[in-house]
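Just below is one structure, and these are the notes that go with it.
The values are calculated or read from the model by the stated rules, or taken from the named source; none is laboratory data. Here the structure is a predicted model, which is why all the values come from computation and not from measurement. In this analysis, Cβ positions are derived from the backbone assuming ideal geometry, glycine residues included, and neighbour counts consider all displayed protein chains.
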Amino acid sequence: MDPNHEILFEPVRIGPKTLRNRFYQVPHCSGFGTDKPWTQAAHRGMKAEGGWAAVCTEYAPFSPDSDEAPFIAARFWDEDDMRCMRLLTEKAHQHGALAGLELHHAGGHAPNTQTRLPSLGPSQLASDLEPHIVPKAMELRDIRRVQDDWAGGAMRARDCGFDIVYVYGAHAYLPMQFLSPFYNKRTDGYGGSLDNRARFWLETLERVREGVGDDCAVVTRIAVDALGPAGIHVEEALRFVELADHLVDLWDVNVGSIAEWSKDSGTSRYFQEGYQMDWTGRVREASAKPIVGVGRFTSPDLMASIIRSGTWDLIGSARPSIADPFLPMKIAEGRTDEIRECTGSNVCIMKVDGHGHLGCIQNATAGEEHRRGWHPERFERAGNADKAVLVVGAGPAGMECAIVLGKRGFEAVHLVDAAGDIGGRLRWIRRLPTLGDWGRVVDWRRIQLDKLKNVEVITGTRLSAEQVRDYGAQIVVIATGSRWSGDGIQASTHEPIDGADASLPHAMTPEQVMEEGKRPLGGRVAVYDAEGYYVGPGIAELLAKEGFQTHLVTTMDVVSPTSDLTLEGPMLRQHLHKVGVTAHRGVTIERVEQGCISGEDEFGGPFSLEVGGIVLVTQQMSEDVLYHDLVGDQVALDASGIEGVYRIGDCLAPRMISEAIFDGHRLAREIDGHDPSAPLPYDRERGVPAVDPVATR
Ligand code: ADP
């Protein structure tokens, strides 16, 4: 270990418990909750194995007052839930970590769609997260009941083996709603002055402490600056910290609110590593207790300097712990170059909230620990490791596949790409404004490929079907990716756009702009985005910064709706506005001519724009010619000695980078199965009836 990092491995006490080092996995959503208890336990357990001193669940409502459905929470209402969570505490302890439960009450934001109970808030004010939710203003007996329930939840947590129980206030949930004048307009002893607004939180901490005694550490999570109206600002937060310090064993500090969660879980596009410290770095001024903060930390030097300075006692992490569950162990073993750094893309959040199951752009095994049995650091030697493998295409899918094949002990893996460098589309995506950190997907894989002596990387070599057949490999994996269509074929018409042709000077694809330097003829350009994620806006910003008068024309109702799923939407739109990009929404382009594009607006009226060129970000098409040339000539294939041809990533179907990586990983994990092209079934975790409902009828 680098002696500079030794401080990160000193134990620290939080109340009655001791953390073995300074790495603390703060609560984060997963899509597992108590609905997928084995998946939950395996995911958190993997981080415990990777060296984290504590692993916490996502938000855990302790009573039907706070029902988060359709979002998946670590619901902790009763003994059934306790049985689910027992798996997690056991796994954490097996690997020497403490387990934390983020007990939670959403207050006036609680959707309560399943329980059909009214939500409860300090005052009757519509939720700024979901304005259709208007809570009941809590009566004194509601306050008492919620506090009792919170203490009851904490005692169940203790009985379930949790070492750490939360009074979760951050993200503008119930305790913060009492503390903040934005939510709290009460005129009784719970409203008005800071002392009064703090009362609910302080009493709840007292009740929870009484409940768990010295059996658990009591942690509270607070957003020390809402960076908006829905909370409090740092000066008031520091006064609250002074009031509550004697009741807290550890402060878990962050920024933002639930409606402004984007400012807590800030993406790399708009937030640097450690960005929260301007606010959360001040908590030491008011507290004598241990503090944990977050900020997408992946640099061990920076982590060590924070601990050394005394600003915080623990480095908190959600996203970096997903990207690399073994981050602490790699630092301990002096393998810092092997840390799979979080890209800050927030694909994890899209996966959890949008798709209902955690995933990661960097770590294909995240969320697959239980259901597919994938370990991020352990790979079994493949049954057919003596075969020579050729992977064609070193984009995300090909790189990942070659690495996993290498780790599975294949004696010879060749990764060949036509371009002068590895990375595939990321070679240029990382050059789009604000997307530099996505390049970490390539950087980590480059280091891995360099280390794997059984994997040879060959660039600058475009292979034809004949060359592949003559290569001498028995297994061939085609990962040749996809390209944006040059004729404007698009989702809303499923036809090319009349006159759109990227071989003409005034029409171009994203690759032509980024790889060939093709530019519009005049000073005004349209970027036509029928996809709605990052490529259209990225190219628009790039061209605007080059001085083109840039119009982003999109078929969508808002610019880049997919960015809303990564919490980037509002900032991205504001950012584009700032750099001078003009947006046109709800437009379908039907004709492209030199000097003009035209089509229909959202109301069916005519739309036209005079432009010197159009960038067509309409849809991608797989680059599958090589694959079809190979499999289309079975006689030649048989004669070549090739036993299996597979394709992965965008060559199969154009998807997000995370899915291309998953695809490459999966194929390599299953390459010695009966038919590697067909994924093995995985364990679909569902609630299993405790007794046979038919037999007992
Ligand atoms: P994915 O996202 O599926 O990994 P990409 O589009 O990012 O795919 O990368 C595909 C890579 O395949 C590109 O780097 C491209 O240069 C390479 N490639 C495409 N066709 C060939 C070929 N015939 N021979 C070698 N490399 C190829």
For residues that are surrounded by 13 or more Cβ atoms within 10 Å (Cβ to Cβ), outside any helix (DSSP H, G or I) and of a type in the set (Gly, Ala, Ser), scanning just the range 655-692, find the one that is nearest to the ligand (Cβ to nearest atom). SER677
Residue among HIS370, HIS357 that is more than 28 Å from THR220 (Cα to Cα) and touching a residue at least 24 places away in the same chain (Cβ under 8 Å): HIS370
Say whether the condition of being at negative phi and touching a Cys at 6+ places or on another chain (Cβ under 8 Å) is met by at least one residue in the range 486-500. no
Going through the range 549-566 in order, the residues found to be touching a residue at least 40 places away in the same chain (Cβ under 8 Å) and out of contact with any helix residue (DSSP H, G or I) (no Cβ under 6 Å at 6 or more places or on another chain) are HIS551, VAL553, THR555, ASP557, THR562
Can you pull out every residue in the range 118-133 that is in contact (Cβ under 8 Å) with a residue 24 or more places away in the chain and over 31 Å from the mean Cα position of the chain (by Cα)? PRO122, SER123, LEU125
From the options LEU174, LEU205, LEU194, residue that is surrounded by fewer than 17 Cβ atoms within 10 Å (Cβ to Cβ), in contact (Cβ under 8 Å) with a residue 40 or more places away in the chain and within 19 Å of TRP251 (Cβ to Cβ): LEU194
At least 3 residues that are under 30 Å from LEU243 (Cβ atoms) and at pLDDT 95 or above in each: list the helices (runs of 4 or more DSSP H) lying fully within the range 266-378 that qualify. 277-280, 300-309
Test result for GLY266, in contact (Cβ under 8 Å) with a residue 40 or more places away in the chain and farther than 24 Å from GLY359 by Cβ: no
Take ALA397 and tell me if it is touching a residue at least 40 places away in the same chain (Cβ under 8 Å) and within 7 Å of the ligand (Cβ to nearest atom). yes
Return the total of residues in the range 78-110 being assigned to a loop (DSSP other than H, G, I, E, B) and at pLDDT below 95. 1
Restricting attention to the range 431-456, and to residues there that are surrounded by fewer than 20 Cβ atoms within 10 Å (Cβ to Cβ) and more than 29 Å from the chain's Cα centre (by Cα), which single residue is farthest from the ligand (Cβ to nearest atom)? LYS453
Go through the residues of the range 580-603 one by one and say whether even a single one is within 14 Å of the ligand (Cβ to nearest atom) and among the β-branched types (Val, Ile, Thr). no
Cβ-Cβ under 7 Å, sequence separation 6+ or interchain: first residue in the range 648-669 and under 13 Å from GLY424 (Cβ atoms), partner small (Gly, Ala, Ser) and more than 9 Å from the ligand (Cβ to nearest atom). Which pairs? ILE661/ALA364
Name the residues in the range 407-430 that are within 23 Å of SER658 (Cβ to Cβ), out of contact with any strand residue (DSSP E or B) (no Cβ under 7 Å at 6 or more places or on another chain) and near the ligand (Cβ under 9 Å from one of its atoms), would you? ASP417, ALA419, ASP421, GLY423, GLY424, ARG425, LEU426, ARG427, ILE429
Test of understanding: among GLY398, GLY406, GLY420, which residue is part of a loop (DSSP other than H, G, I, E, B) and at pLDDT 95 or above? GLY420
Do you know which residues across the range 621-654 are of a type outside the set (Gly, Ala, Ser), away from the ligand (no atom under 15 Å from the Cβ) and in a loop (DSSP other than H, G, I, E, B)? ASP633, ILE642, GLU643
Could you tell me whether the range 208-218 includes any residue that is touching a strand residue (DSSP E or B) at 6+ places or on another chain (Cβ under 6 Å), part of a loop (DSSP other than H, G, I, E, B) and among the aliphatic types (A, V, I, L, M)? no
Subset tally (residues that are of a type in the set (A, V, I, L, M) and surrounded by 24 or more Cβ atoms within 10 Å (Cβ to Cβ)) for the range 54-72: 3
Could you figure out which of (1) buried (at least 16 other Cβ atoms within 10 Å of the Cβ); (2) more than 15 Å from the ligand (Cβ to nearest atom); (3) assigned to a loop (DSSP other than H, G, I, E, B) isn't true of ALA473? (2)
Return the residues of the range 423-469 that are in a loop (DSSP other than H, G, I, E, B) and free of Cβ contacts under 8 Å to residues at least 12 places away in the same chain; say none if nothing qualifies. LYS453
The residue that is surrounded by the most Cβ atoms within 10 Å (Cβ to Cβ), considering only those in the range 8-36 that are in a strand (DSSP E or B) and of a type in the set (Lys, Arg), is LYS17
Among residues belonging to the range 142-165 that are in contact with a Ser or Thr (Cβ under 7 Å, 6 or more places away or on another chain) and not in a helix (DSSP H, G or I), point out the one that is nearest to GLY256 (Cα to Cα). PHE162
Where residues in the range 165-219 are under 35 Å from the mean Cα position of the chain (by Cα) and hydroxyl-bearing (Ser, Thr, Tyr), which of them is nearest to MET138 (Cα to Cα)? TYR183
Would you pick out the residues in the range 321-338 that are buried (at least 22 other Cβ atoms within 10 Å of the Cβ) and either touching a Lys or Arg at 6+ places or on another chain (Cβ under 6 Å) or polar (S, T, N, Q) (or both)? SER321, ALA323, ASP324, PRO325
Specify the residue that is farthest from the ligand (Cβ to nearest atom); the eligible residues are those in the range 480-497 that are closer than 30 Å to LEU415 by Cβ and part of a loop (DSSP other than H, G, I, E, B). GLY486
Name the residues in the range 441-466 that are under 18 Å from GLY664 (Cα atoms) and basic (Lys, Arg), would you? ARG445, ARG446
Sort through ALA402, ALA364 and tell me the only one that's within 18 Å of ALA41 (Cα to Cα) and among the aliphatic types (A, V, I, L, M). ALA364
